[in-house]
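Have a look at the structure below, then the notes.
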Amino acid sequence: MKEGKEGLDTKVKRLDTAVDKLRIKRKDSNTLKVTENVFDDATLKSLYTLSNKGIVQALGGSISTGKEANVFLGEGEEHDIAIKIYRISSSTFRSMEDYILGDPRFTNIRHNKRDIIFAWTKKEFRNLIRANEAGIRVPVPIITERNILIMEFMGENEKPFPALKDMRLELEDGKQIFETIIDDMHKLYTKASLVHGDLSEYNILIDTNDLTPIMIDMGQSVTLEHPRADIFLKRDIENILRYFKRFKIDETPESVYKRIKNTGNEN
Ligand SMILES: Nc1ncnc2c1ncn2[C@@H]1O[C@H](COP(=O)(O)OP(=O)(O)OP(=O)(O)O)[C@@H](O)[C@H]1O
């Protein structure tokens, strides 16, 4: 039966099947209980679509409940995946609107909450693609379906890598991570033409095998044409320098700003 033409009963039955399917397969018995408010009908339907496509094989435990989104572990076609679900009931969508409206990639968005959240999800997907193509370590995005973003799971044995804020680092390791982050910010600016916009020790995970920093949470990242791109860049720099002060970094906001924008010494 064609979608849109089915009766309410059929629809509800289909959603029930979706819940059952996910329930049977889910690994963590608390997942649905903890997160009932995430799984509204529309979101369940999207999960069901992703499950039918084989992209989500199973829904795992909750990794995080953030201000706007929940992140779950999932089983993908070949590897573990991270499933980021923006809550339709998110209360911060006004600020989302500010970031979307200054972005020339999203000029035709209708100004209702749902459309803004779907656009936001796509925006994070596209930003991750651009960052990945610029050679920055980010979760490789796989697909979006309305308010759901599926991406590479950054972690091991079903445990996400720790955030930078939770690492205890030796001085030399801290210095090395700082250098990589500035390099990444430079690549993001000059190659991907993006500014992260919310960069801090909270939105950088650390691969514990080789201490590579991994940038995450790129929904709010903006293109350089955005009227506030430069303000966001300066704020990102301030955040990073504030955190890395403890590693006796010999840089100022001005010197880092120059390094990030410098296009002169590319090989
Ligand atoms: N691809 C991923 N692989 C593993 N863990 C992830 C991934 N993406 C996000 N996480 C985990 O989920 C947490 C929240 O992710 P993210 O910052 O993208 O969501 P958020 O809802 O914007 O969070 P917040 O509101 O706290 O800023 C991260 O700190 C990290 O622990």
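Going by C-beta contacts inside 10 Å, put Arg168, Arg235 in order with the fewest on the left. Present the calculation step by step, with values, prior to reporting the outcome.
Working: Arg168 7, Arg235 17.
Ascending number of Cβ neighbours within 10 Å: Arg168, Arg235.
With a 10 Å Cβ neighbour count serving as the proxy for reagent exposure, in which order, fewest first, do Asp173, Asp210 appear?
In order of increasing Cβ crowding within 10 Å: Asp210, Asp173.
Counting other Cβ atoms within 10 Å, keep those with at most 10, restrict to DSSP loop, and tell me which GluC sites (Glu not before Pro) in the stretch 63-133 are left.
Working: sites: Glu68, Glu75, Glu77, Glu78, Glu97, Glu124, Glu133; in loops: Glu68, Glu77, Glu78.
The qualifying sites are Glu78.
Counting other Cβ atoms within 10 Å, which trypsin sites (Lys or Arg not before Pro) in the stretch 73-162 have at most 12 and lie in a DSSP loop?
Of the trypsin sites (Lys or Arg not before Pro), the ones in loops of the stretch 73-162 whose Cβ has at most 12 other Cβ atoms within 10 Å are Arg110.
Pull out a ≥ b ≥ c, the square roots of the eigenvalues of the alpha-carbon gyration tensor of the stretch 89-154, then state rounded if a/c is under 1.5, prolate if not and a/b is larger than b/c, and oblate in the remaining case.
Because a/c hits 1.5 or more and a/b exceeds b/c, the stretch 89-154 counts as prolate.
Gain in length, Asp250 to Asp166, computed as 0.36 nm per residue apart minus the alpha-carbon separation, to one decimal in nm?
This chain segment gains 27.9 nm when fully extended.
Where a ≥ b ≥ c are the square roots of the eigenvalues of the C-alpha gyration tensor, would you call the stretch 120-267 rounded, which needs a/c under 1.5, or, failing that, prolate if a/b is larger than b/c, or oblate?
Oblate, since a/c reaches 1.5 and b/c is not below a/b.
Once you charge only the Cβ atoms, +1 for Lys and Arg and -1 for Asp and Glu, what is the size of the charge dipole of the stretch 110-155 about its Cα centre, to the nearest 20 debye?
Value, rounded to 20: 260 debye.
With the Cα gyration tensor of the stretch 45-117 giving a ≥ b ≥ c as the square roots of its eigenvalues, does the rule (a/c under 1.5 for rounded; else a/b larger than b/c for prolate; else oblate) give rounded, prolate or oblate?
Since a/c reaches 1.5 and a/b is larger than b/c, the shape of the stretch 45-117 is classed as prolate.
Within the set Lys53/Lys234; Lys84/Lys258; Lys122/Lys191; Lys113/Lys234; Lys122/Lys165; Lys45/Lys234, which residue pairs have Cα atoms separated by over 31 Å?
On the way: Lys53/Lys234 42 Å; Lys84/Lys258 34 Å; Lys122/Lys191 20 Å; Lys113/Lys234 29 Å; Lys122/Lys165 28 Å; Lys45/Lys234 41 Å.
Over 31 Å apart, Cα to Cα: Lys53/Lys234; Lys84/Lys258; Lys45/Lys234.
For Val256, Val56, Val71, which order do you get if you count the other beta carbons within 10 Å of each Cβ and list the fewest first?
Ranking Val256, Val56, Val71 by Cβ neighbours within 10 Å, fewest first, gives Val71, Val256, Val56.
Which one of Thr208, Asn262, Phe161 has its Cα pushed farthest toward the positive end of the charge dipole of the stretch 149-267, where Lys and Arg give +1 and Asp and Glu give -1 at the Cβ?
Of Thr208, Asn262, Phe161, it is Asn262.
Each reported figure results from applying straightforward, stated rules to the coordinates on display, with no laboratory input. Values in this document were obtained by computation on a predicted structure and should not be read as measured data. Note that each Cβ is placed from the backbone with ideal geometry, even for glycine, and that neighbours are counted across all protein chains shown.
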